[in-house]
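The values are calculated or read from the model by the stated rules, or taken from the named source; none is laboratory data. Model, not experiment: these values are computed from the prediction. Using ideal geometry, Cβ is built from the backbone for each residue, glycine included, and neighbour counts are taken over all protein chains shown. What goes into the accessible areas is simple: the full protein's heavy atoms, side chains included, and nothing from ligands, DNA or RNA. Shrake-Rupley method; radii C 1.70, N 1.55, O 1.52, S 1.80 Å.
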Amino acid sequence: MPAERVSSPARARAAAMSGDPSAVEGPLAGYHHETYVIPLPAEVVGPHRVRGKCREPRSGLLWFDRRCFASEETLLAALQGRVTRVPDLIEVSEDVRLQRFIEGRTLGSLYASGEEIPDGVADQILDLFRQMARVTPDSLDVERECSPRDRSAEGDTAGFLDRLICFAEERVYQENLKRFPGLFSSLGLDGDSFKKLRKQVAGLSERPFCLLHADLHRENFVVDGRGRLWAIDWELALFGDPLYDLATHLYLMRYPKAQHELMVKRWCAAMEEERAGSSNGWEEDLPRLLDFKRAQSVFTDIVRATQFLDSRPESGASALAEEAGKVRRVLAAAAEPLGLDTVPALGDVRSALGRWGRTGQGPGE
């Protein structure tokens with residue numbers, strides 16, 4: 001039996017809750033939690049087969065995105081009846097509430113990144129955006145853990161974006177300067193990168209705020225056996241600029257060019273019909289928000305690459321080459337918003353990452 005099955009407290013808890021350790025499935029892929037799928041007893045869910053997600057937060061995580069809500073489960077409970085096809089919650093006992101596991105296949109397993117998705121799926125994605133547009137900050141009574149400093153005034157899209165930039169600068173860049181001294185500078189990045197980014201994305205139009213999922217990619221959509229699309233993993237949900245949610249979705253989905261352009265047009269029409277002003281200034285602002293997503297990815301992907309290589313020292317040169325290729329591609333994509341005069345050569349990126357991946361400490365330590 002793999003060591004993880006013996007040693008993991010999360011697996012042990014899942015096995016105890018299921019009553020049948022052999023029926024525990026997992027761990028599922030996921031950054032924020034160690035998650036297992038367990039069958040739920042008939043006395044809780046009735047005669048139908050229902051499975052739940054038993055999960056534990058991973059310790060020592062680096063957060064790459066702001067969090068708004070204190071509990072994903074509490075948010076999902078509040079969204080029942082307001083946003084269709086989000087996981088519901090199952091009361092297993094007085095003090096245990098699990099998310100229902102959505103049976104189906106992820107959208108990414110059906111249509112890989114870069115592939116066109118069917119019109120019926122696109123329709124359901126647009127319906128989700130419509131429903132989120134109806135959920136406004138003053139209409140959802142859910143505990144929030146973000147500080148008042150991080151809550152921009154209604155419609156202040158510029159302030160909203162600046163708080164996101166501040167998070168990337170302070171929590172992803174500056175905090176990791178201490179852990180990886182010299183890594184960012186070896187790739188042409190420094191404190192001025194954020195000054196250049198702020199200049200590049202300045203001038204956003206105002207738009208009414210609403211609920212954002214903030215992580216709508218192919219692996220966070222599940223298609224069930226009836227062809228219905230479910231949105232999962234609301235961990236990063238927040239209130240803010242609806243056009244930011246579209247930009248994040250487009251960046252992560254990697255639609256083919258024609259479908260990308262069609263989704264933008266359909267999103268604007270749907271959102272204006274649902275809540276006037278939601279697409280204000282999109283022609284100028286969507287490229288700015290996509291520039292932010294490209295720049296944000298540079299810093300997160302560099303740190304993730306070092307984490308991956310440090311956790312798998314046995315993976316060797318092929319893993320280093322793959323991670324270096326990913327980092328160089330995001331550097332090239334973000335060269336303009338970050339004001340990079342040149343993009344480091346692939347060999348230079350590989351050398352920079354390799355110094356950290358081999359030792360977990362960096363040069364000279």
Mean projection area, nm², convex hull over Cα of segment 89-186: 11.8
In order over segment 293-306: 3J(HN,Hα) from phi, Karplus 6.51/-1.76/1.60, θ = phi - 60°, whole Hz, x for each Gly or Pro, gives 4, 5, 5, 4, 5, 4, 6, 5, 6, 5, 5, 4, 4, 5
What share of Cα pairs, in percent, lie more than 13 angstrom apart in segment 312-351? 53
Which whole-number value in Å² is the accessible area per residue of segment 215-278, probe 1.4 Å? 36
Determine the gain in length on full extension of the stretch Arg226-Arg312; use 0.36 nm per residue of separation and subtract their C-alpha separation, reporting nm with one decimal. 27.0 nm
Cβ-defined net charge surrounding Ala78, 14 Å radius [Lys, Arg +1; Asp, Glu -1]: -2
Please list, by residue number, every one of the chymotrypsin sites (Phe, Trp or Tyr not before Pro) in segment 56-106 that is coil in DSSP and has at most 16 other beta-carbon atoms within 10 Å. Trp63
Relative contact order as a percentage, the chain, C-alpha pairs under 8 Å and 6+ apart, gives 17
Rounded to one decimal in nm, the spacing of the 7 Å Cα→Cβ label points at Glu91 and Asp141 is 1.8
Once phi is turned into ³J(HN,Hα) by the Karplus curve 6.51 cos²θ - 1.76 cosθ + 1.60 with θ = phi - 60°, what whole-Hz value does each residue of segment 14-21 show in order, with x for glycine and proline? 4, 5, 5, 6, 6, x, 9, x
Stretch in the chain that is longest and holds no trypsin sites (Lys or Arg not before Pro) that DSSP places in a loop and that have at most 10 other beta carbons within 10 Å: 50-225
Over segment 119-210, what relative contact order in percent results from Cα pairs under 8 Å that are six or more residues apart? 48
Add -39500 (n - 2.57) for each DSSP H run of 4 or more in the chain, then divide by its residues: what number comes out at 222 nm, to the nearest 500 deg cm²/dmol? -14000 deg cm²/dmol
Grab the other residues whose beta carbon is less than 11 angstrom from that of Gly104, score K and R as +1, D and E as -1, and report the net. +2
Looking at this model, which pairs from Lys196/Lys293; Lys178/Lys199; Lys199/Lys257; Lys199/Lys293; Lys195/Lys326 are more than 21 angstrom apart at the alpha-carbon? Lys178/Lys199; Lys199/Lys257; Lys195/Lys326
Given H placed on each backbone N at 1.01 Å, which residues far from Gly52 in sequence or on other chains put an amide H within less than 5 Å of it? Ile38, Leu40, Phe101
State the Cα centre-to-centre distance between segment 218-263 and segment 131-150 in whole Å. 20
Out of the total accessible area of the chain (probe 1.4 Å, heavy atoms of protein only), what percent is carbon and sulfur? 49
Asp138: net charge of surrounding residues, Cβ under 13 Å, Lys/Arg +1, Asp/Glu -1, itself excluded? +1
Below 8 Å, C-alpha to C-alpha, sequence gap of six or more: please give me the relative contact order for segment 39-165 in percent. 27
For segment 7-138, report the accessible area per residue in Å² (1.4 Å probe, heavy atoms, rounded to an integer). 49
